[in-house]
Amino acid sequence: MARAEIAARTLRTDRWWLPPLTTFVGLLLISIYAAFRTFQGDYYWVDQYHYLTPMYSPCLTEECVPAASHFGQWFPALPGFLTPPLLIIPFLLGFRITCYYYRKAYYRAAWASPPACAVAEPHSKYTGETRFPLIAQNLHRYFFYAASLLLLVNIYDAVSAFSTGLGLGNIILLVNVSLLAAYTLSCHSCRHIAGGRLKHFSKHPVRYWMWTQISKLNNRHMQLAWASLIFVCLTDLYVALVASGTISDLRFIN
Amino acid sequence: MSYQGKFRVWRGDDSGGALEDFTVEVNEGEVVLDIIHRLQATQAPDLAVRWNCKAGKCGSCSAEINGRPRLLCMTRMSVFQESETITVTPMRTFPIIRDLVTDVSFNYTKAREVPSFAPPKDLAPGEYRMQQVDVERSQEFRKCIECFLCQNTCHVVRDHEENKEAFSGPRFLMRVAELEMHPLDTADRVDQAQDDHGLGYCNITKCCSEVCPEHIHITDNALIPMKERVADRKYDPVVWLGNKLFRRS
């Protein structure tokens, strides 16, 4: 027996193309901004107030401003146009790219697989995540571990900036790490590691409690993914503007 | 408050068919299934439609309304504009029998391929004891009414007929998850999910969750946890080493 003969790719009458288009444009703009700031190699540290942008943290090469290298300078200066963030971005990017929410977002928006529910995809063949390279999405938990370590570094940066007093930049850094922490903790791999992999919650009450709390955050994973991503860019922009002298930091104390 | 609503309904069988236009009376409080019944009663007595409870619990009247997979009985007419032309078509993923009725036996074949609940061998019926917290994850999946809207909307089989052999679809991967998370089930479901039911085909684009009339979190609570369990088993050397060192099964 054959399927019903319906030629139209979709009969949806709503604006199904709007969410994938919005996602695509949003991710594209953020990628362009992040690439520009990564290769700019400057205006990442405000010496007066100890603000370090999360995009350059930790700053681990000898070309970093010494005061910005909170954890030392482990590597020699990178050659040519290469900049310090290139050492950490693969881990942060890997965490976002293999994230279960972002997978949905870019499979729909960038690869049209499918572009929206009940809208036919343009590809003639589909193997999903069964083979290389997409089978590597299963490495998400390792990027989660790496991102968690980098989050601790960001928290250290945000807290240590309070040593110079209190300004708007401190508040921005604090909100930024809060959003990053919420996004990282709400990760599906984190939920699984905390307790999801158990078969008997009743035998592990602490892990069950952790799983229930993470599940609440996990319900907002998409919102946290966008909020944290946009706020990292805004934080970086603020630090860049203060570091370049374009604006001055609004100080509350000192 | 009645009005004359404009409808386009797919009529035909496996030899061909087309959308036909109808104008049908719509009354306040009605759902799309009411209109289809009125159409049968007044203009198209041979129109085929499968339905049963008219309460969103039997899962029979699955179709596509304005291109969106939905239950005919749970789609209120009040969500549409009076001037709108409403298109009603059969589910696309399954072979057509006639008009709005499809052959959903693909799903019964896949259901039979999932090994049944396997309690410990020394536990007799009536002796099952389990904690509520242990079983409630599986209970969410028991809300499924088997309308197969998730199977219909999943692009893995909707857009690729050739994947039907390897991929069981969200409904039956959820069934595997239900058993895997059941505190008394002893069967090994993880390898089954990946190797026999094609979990790797799922790219978690969440259409199954979007169309579920029972609002089951199919992707977040069944498919992704199963993918993580598969990652534990097949793709995580740290978990493998931990299992070896601490002699966990």
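Of all residues being open to solvent by less than 40 Å² (accessible area, probe 1.4 Å) and not β-branched (V, I, T) in segment B:128-137, which is nearest to the other protein chains (Cβ to nearest Cβ)? Just the residue, please.
B:D134
Would you confirm, using the coordinates I've provided, whether B:N163 is at the interface with another protein chain (Cβ under 9 Å from one of its Cβ atoms), part of a loop (DSSP other than H, G, I, E, B) and closer than 29 Å to B:G67 by Cβ?
So B:N163 does not fit the description; no.
Anything in segment B:175-191 that is open to solvent by 30 Å² or more (accessible area, probe 1.4 Å) and under 16 Å from B:K234 (Cα atoms)? List them, or say none.
B:D188, B:D191
Checking B:L33 against (1) within 14 Å of another protein chain (Cβ to nearest Cβ); (2) touching a Lys or Arg at 6+ places or on another chain (Cβ under 8 Å), which test does it fail?
Only one criterion in (1) within 14 Å of another protein chain (Cβ to nearest Cβ); (2) touching a Lys or Arg at 6+ places or on another chain (Cβ under 8 Å) is unmet by B:L33, namely (1).
If I filter segment A:102-117 down to residues being more than 7 Å from chain B (Cβ to nearest Cβ) and in a loop (DSSP other than H, G, I, E, B), which single residue comes out as most open to solvent (accessible area, probe 1.4 Å)?
So the residue we want is A:W111.
Tally time: how many residues in segment B:1-19 are within 14 Å of another protein chain (Cβ to nearest Cβ), open to solvent by less than 80 Å² (accessible area, probe 1.4 Å) and not basic (K, R)?
So the count comes out to 10.
Keeping to segment B:72-100, report how many residues are under 20 Å from B:V157 (Cα atoms) and open to solvent by less than 50 Å² (accessible area, probe 1.4 Å). Before the answer, list the steps.
First, the residues of segment B:72-100 that are under 20 Å from B:V157 (Cα atoms): B:89-97, B:100.
If we keep only those that are open to solvent by less than 50 Å² (accessible area, probe 1.4 Å) too, we end up with B:89-96, B:100.
So the count comes out to 9.
Give the residues of segment A:237-254 that are surrounded by fewer than 15 Cβ atoms within 10 Å (Cβ to Cβ), touching a residue at least 12 places away in the same chain (Cβ under 8 Å) and in a loop (DSSP other than H, G, I, E, B), sorted by residue number.
A:S244, A:L250, A:N254
Which helices (runs of 4 or more DSSP H) does segment B:173-249 wholly contain that include 3 or more residues that are at pLDDT 95 or above and under 21 Å from B:V156 (Cβ atoms)?
The qualifying helices (runs of 4 or more DSSP H) are B:207-211, B:224-230.
Give segment B:64-101 a look and list any residue that's under 17 Å from the mean Cα position of the chain (by Cα), within 14 Å of another protein chain (Cβ to nearest Cβ) and either charged (D, E, K, R) or closer than 20 Å to B:G29 by Cα (or both), or say none.
Residues satisfying the conditions are B:E64, B:I65, B:R68, B:R70, B:T75, B:R92.
Please go through segment B:192-207 and give me each residue that is within 28 Å of B:C73 (Cβ to Cβ) and either open to solvent by less than 20 Å² (accessible area, probe 1.4 Å) or touching a strand residue (DSSP E or B) at 6+ places or on another chain (Cβ under 8 Å) (or both), ordered by number.
B:T205, B:C207 - these are the residues of segment B:192-207 that are within 28 Å of B:C73 (Cβ to Cβ) and either open to solvent by less than 20 Å² (accessible area, probe 1.4 Å) or touching a strand residue (DSSP E or B) at 6+ places or on another chain (Cβ under 8 Å) (or both).
Considering every residue within segment B:112-127, establish whether at least one is part of a helix (DSSP H, G or I), surrounded by 16 or more Cβ atoms within 10 Å (Cβ to Cβ) and touching a residue at least 60 places away in the same chain (Cβ under 8 Å).
no
Which is acidic (D, E), open to solvent by 10 Å² or more (accessible area, probe 1.4 Å), in contact (Cβ under 8 Å) with a residue 40 or more places away in the chain and more than 7 Å from chain A (Cβ to nearest Cβ), of B:E214, B:E210? First the steps, then the outcome.
Values: B:E210 fails: more than 7 Å from chain A (Cβ to nearest Cβ).
When all the criteria are applied, what remains is B:E214.
Let me spell it out: the conditions are (1) under 20 Å from the mean Cα position of the chain (by Cα); (2) modelled with pLDDT of 95 or more, and A:V119 meets all of them except one. Which number is the exception?
(1)
Pull up segment A:17-28, narrow it to residues that are open to solvent by 50 Å² or more (accessible area, probe 1.4 Å) and within 13 Å of another protein chain (Cβ to nearest Cβ), then point me to the one that is farthest from A:V232 (Cα to Cα).
Narrowing segment A:17-28 to residues open to solvent by 50 Å² or more (accessible area, probe 1.4 Å): A:17-19, A:21-22, A:24-25, A:28.
Then drop every residue that is not within 13 Å of another protein chain (Cβ to nearest Cβ), which leaves A:17, A:19.
Numbers: A:W17: 27, A:P19: 22 Å.
Across segment A:17-28, the extreme among qualifying residues is A:W17.
Within segment B:144-157, identify whether any single residue is over 23 Å from A:N138 (Cα atoms), open to solvent by 30 Å² or more (accessible area, probe 1.4 Å) and out of contact with any Leu (no Cβ under 9 Å at 6 or more places or on another chain), and answer yes or no.
So in segment B:144-157, the residues over 23 Å from A:N138 (Cα atoms) come out as B:144-153.
Of the ones still in play, those that are also open to solvent by 30 Å² or more (accessible area, probe 1.4 Å) are B:144, B:146.
Checking the rest, the ones that are also out of contact with any Leu (no Cβ under 9 Å at 6 or more places or on another chain) come to B:144, B:146.
Yes, because at least one residue in segment B:144-157 is over 23 Å from A:N138 (Cα atoms), open to solvent by 30 Å² or more (accessible area, probe 1.4 Å) and out of contact with any Leu (no Cβ under 9 Å at 6 or more places or on another chain).
Of all the residues that make up segment A:86-101, how many are outside any loop (DSSP other than H, G, I, E, B), hydroxyl-bearing (S, T, Y) and more than 8 Å from chain B (Cβ to nearest Cβ)?
Qualifying residue count, segment A:86-101: 1.
Of all residues in segment A:95-133, count the ones that are touching a residue at least 12 places away in the same chain (Cβ under 8 Å) and at positive phi.
Count: 2.
Just the residues that are part of a helix (DSSP H, G or I), open to solvent by less than 70 Å² (accessible area, probe 1.4 Å) and more than 8 Å from every other protein chain (Cβ to nearest Cβ), please, taken from segment A:194-209.
Start the filter on segment A:194-209 by keeping residues that are part of a helix (DSSP H, G or I), which leaves A:194-196, A:201-203, A:205-209.
Filter once more, keeping what is open to solvent by less than 70 Å² (accessible area, probe 1.4 Å): A:194-196, A:201-202, A:208.
If the condition is that a residue be part of a helix (DSSP H, G or I), open to solvent by less than 70 Å² (accessible area, probe 1.4 Å) and more than 8 Å from every other protein chain (Cβ to nearest Cβ), then A:A194, A:G195 are the ones that fit.
Got at least one residue in segment B:69-92 being of a type in the set (F, W, Y) and closer than 20 Å to A:A4 by Cβ? Can you show your working first?
Going residue by residue through segment B:69-92, those that are of a type in the set (F, W, Y) are B:80.
Now narrow it down to the ones that are closer than 20 Å to A:A4 by Cβ: none.
The answer is no, given that none of the residues of segment B:69-92 is of a type in the set (F, W, Y) and closer than 20 Å to A:A4 by Cβ.
Please work out if B:A231 is more than 7 Å from chain A (Cβ to nearest Cβ) and not basic (K, R).
no
Do you know which of the residues in segment A:210-236 that are among the charged types (D, E, K, R) and within 14 Å of another protein chain (Cβ to nearest Cβ) is surrounded by the fewest Cβ atoms within 10 Å (Cβ to Cβ)?
A:K216
Matching residues to (1) in a helix (DSSP H, G or I); (2) open to solvent by 20 Å² or more (accessible area, probe 1.4 Å):
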position	(1), (2)
A:K125	no, yes
A:Q137	yes, no
A:H140	yes, no
A:Y145	yes, yes
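The values are calculated or read from the model by the stated rules, or taken from the named source; none is laboratory data. In this text, all values refer to a predicted model and were calculated from it rather than measured experimentally. Methodologically, a virtual Cβ is constructed for each residue, glycine included, from the backbone with ideal geometry; neighbour enumeration extends over all protein chains shown. Calculation scope for accessible area: heavy atoms of the full protein, side chains included, ligands and nucleic acids excluded. Shrake-Rupley method; radii C 1.70, N 1.55, O 1.52, S 1.80 Å.
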